[in-house]
Amino acid sequence: MDELPPSLESLQRGVSELTTSYHDRGWTTEAKDLEGAIETAGKRVLATDADPDPTTITLDELSACVKRWLQAKSWIVAEDLGILVLNSCESLKGERDSMTMTAMNNLAAAYWGRGQLDQAAALAARVTRLRQKILGEAHPQTLTSMTNLASTYRSQGLWVDAQKLDARIVEMKTKTIGPLHPSTLGSMSNLAISYTNLGRYEEAESIARQLVDLGEKELPKTDPSLLNWKLSLASTYRDQGQLDLAEKLEEEVVAVSRDEFGTHNPFTLTSMANLASTYREQGRWSDAERLEKEVVASSEKILGETHPQTLMSISNLGSTYRSQGRLEEAKRHGEKATAVMKEVLGERHPYTLVAMADLAVTYQMNRQSPDAEILAARSLRLMEETIGKDHPHTLSAMANLGFIYQSQSKWDVAGGIVETVHARREKAIGKNHPDTLAALEDLRRVAWVEAADQNAQRTLN
């Protein structure tokens, strides 16, 4: 028997099935939310003087429920109900209806929160095109869709696409609602993140510092926007080697986030992960390990075991274990993160490539030289193709490959790589950046070994 097209009855039946499922799983709050939405819709229908449209009213209440769950970062239930609402809206109202486009936008956000990035990007791009055509680019709903699409691009590692879209959004909002509107400031923060991803640290710092200065004057210390801006500014400090400044800001944000939102909160976990990265850069391995283990455990529960943020935290913990000499644990974590990233994100995603490059170093320290060289060379080649030859991540991968060749006593090959890394880092991040100085030390070491070899050869001859 053919399946009947969606109707109010089929919509209510779908909600009833979800409600039963949530009760069975012990998700009582979510089940009551659904029951409340249907009850409120019924009351609205009865209270309407004119001819009521029960379907529209029901979809409106369910859409509001999806929105609340998105705001609470309850991604799984938001996706469940979001799919049901969108299917009903498309069939009953058509894709050009405003309610349908809102449902698309909400479901795209749920997909993003679940780490289902390809689905999120496809739906976000679709609703953006529809709103640009129907409402115009400057319409607030269009700009919301563009913002979600840019966020998805960032998560996919499509950083150039994200930056272009973020810059356009800031330009449009500055013209339409003004440079100091909270929505404009939020978009400026997104642009700063995109600049950071592209290694354009000075531009990112300039925007982030402007936002923090404004926020400290106008907002309470616990305001989520201010905390997010401080975290962005701290990231630019860390990426430029200003570790003490990064540490101070990140410790402040972590403390406030724990108190205000609790440890089992995505933003708190991000702030903890960032602080752990700073500790790692400072060589504070025990402090980094303590935070990273907490982040991994909480991320697996809150975000899921295959979420990109969870996988990156596992890779980072593996890196910390390696620095502590705990090579088997480092290898196990690195291999787990890399394998799942390849499956979930794809091999060419920047997160995957960073994890691959890091795992290559672990292999080398485990004396798996052939595996290390192959993996390091592949991650470097793919980074050059995707994020560019001069990106800081690419230069780190190149430095890793140089380290592997040094460990194998392939000094002539290592010398050429180290020289390239130093020259590119000097140009990209400056002479005094810690990574540039480290490359200079590598260059001196290789030059010293090569000179010693030449002297030895002359002595033998």
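Between F267 and K431, residue separation times 0.36 nm minus the direct Cα-Cα distance comes to 55.7 nm.
Summed over qualifying helices (DSSP H, 4 residues or more, each -39500 (n - 2.57)) and divided by its residue number, the chain shows a 222 nm mean residue ellipticity of -27500 deg cm²/dmol. Take each peptide in 388-397, 18-27, count the other Cβ atoms within 10 Å of every residue, and average; sorted highest first, the result is 388-397, 18-27. Quick one: if you stick a label point 7 Å off each Cα along the C-beta vector at I134 and A452, how many nm between them? So the two model labels end up 7.1 nm from each other. Of the trypsin sites (Lys or Arg not before Pro) in region 92-188, the ones in a loop by DSSP (not H, G, I, E or B) with at most 13 other beta carbons within 10 Å are R96. The phi torsions of region 137-144, fed into the Karplus equation with coefficients 6.51, -1.76 and 1.60 and a -60° offset, translate into couplings of 5, 7, 5, x, 5, 5, 5, 4 Hz, rounded to whole numbers, with Gly and Pro shown as x.
Cβ crowding within 10 Å, taken as a proxy for footprinting-reagent exposure, orders M99, M341 from fewest neighbours to most as M99, M341. Footprinting exposure proxy ranking of H333, H264, H139, H307, fewest other C-beta atoms within 10 angstrom first, gives H264, H139, H307, H333. Legend: Rg and Dmax of the chain, from Cα coordinates, 25.5, 106 Å.
With a cut-off of at most 14 other beta carbons within 10 Å, and DSSP calling the residue loop, which trypsin sites (Lys or Arg not before Pro) in region 183-277 qualify? Please list them.
Working: sites: R200, R209, K217, K221, K230, R238, K248, R258; in loops: R200, K221.
Those satisfying the criteria are K221.
Which value results for Rg/Rh of region 1-151 when Rg is the Cα radius of gyration and Rh the Kirkwood radius based on the inverse mean 1/r?
Details: Rg = 15.6 Å, Rh = 15.9 Å.
For region 1-151, the value is 0.98.
Values quoted throughout were computed directly from the atomic coordinates according to the rules given, and no laboratory measurement underlies them. Since this is a predicted model, take the numbers as computed values, not measurements. Virtual Cβ from ideal backbone geometry, glycine too; neighbours counted across all protein chains shown.
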